[in-house]
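The values are calculated or read from the model by the stated rules, or taken from the named source; none is laboratory data. For clarity, every value in this text was computed on a predicted model and none was experimentally measured. Don't worry about glycine lacking a Cβ; one is built from the backbone with ideal geometry, like all the others, and counts go over all protein chains shown. Please note that ligands, DNA and RNA were not included when accessible areas were found on the heavy atoms of the full protein model with its side chains. Shrake-Rupley method; radii C 1.70, N 1.55, O 1.52, S 1.80 Å.
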Amino acid sequence: MEREWELRAACRTYDPDWWFSGAHRSAAKGICDGCPVQAACLESALAREDGLPKTERKGLVAGLTGAQRYALAQQRKPAEPKAAPKAAPKKSSRRWPVAPCGTRAAYQRHVRKREPIDDQCRAANNAGKRQHALTGSTQVR
């Protein structure tokens, strides 16, 4: 069992709300400071919270607040090698992004540019035609 250390935790008999309440924070911190499995608890919390922002790390775990655990996780991160600066992307003259295939706008683009029309675009165009015939508009509500 990977987490059998939890059975030896000093906090196991206390109300879990203590570790999330400001009123009991000092008592909870005292319990954590005397805990025989504090290191295992901290490692488990850091693994569980890996990738979470500071604001999502709640409560007191292993005697550390969420902000303190975030700072510790940042210190432990290996330094990333600096990449060479990339050239600035070429500015597009388009006002809107190109419609993805499978839409009526993509079908119309294929027709306009005399490109081959795929089945998804053809089906989207037919659905648009049916919608227009039923409602007088292609707008979906």
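Which of these values of P(r) over Cα pairs in 10 Å bins from 0, in percent was calculated from the structure shown: [x] 13, 45, 36, 7, 0; [y] 9, 22, 15, 8, 14, 20, 11, 1; [z] 12, 39, 30, 15, 4, 0?
Checked against the structure: label [y].
Highest first, please rank the peptides 18-25, 66-73 by the mean number of other Cβ atoms sitting within 10 Å of their residues.
Averaged packing, sorted descending, gives the order 66-73, 18-25.
Using the heavy atoms of the protein chains and a 1.4 angstrom probe, tell me the accessible area per residue for the chain in square angstrom.
Roughly 79 Å² per residue, with all protein chains present.
If the cut-off is a Cα-Cα distance under 28 Å, which lysines reach Lys82, setting aside same-chain residues fewer than 8 apart in sequence?
Answer for Lys82, where 28 Å is the Cα cut-off: Lys54, Lys90, Lys91, listed by chain and number.
Run down the lysines and flag those whose C-alpha is under 27 Å from the C-alpha of Lys58, throwing out any fewer than 8 positions away in its chain.
Correct list for Lys58: Lys29, Lys77.
Charges on Cβ only, +1 for Lys and Arg, -1 for Asp and Glu, centred on the Cα centroid of the chain; of Pro16, Leu134, Tyr70, which one is farthest towards the dipole's positive end?
It is Leu134, whose Cα lies furthest towards the positive end.
With +1 on each Lys and Arg Cβ and -1 on each Asp and Glu Cβ, how big is the dipole of the chain about its Cα centre, in debye rounded to the nearest 20?
1540 debye
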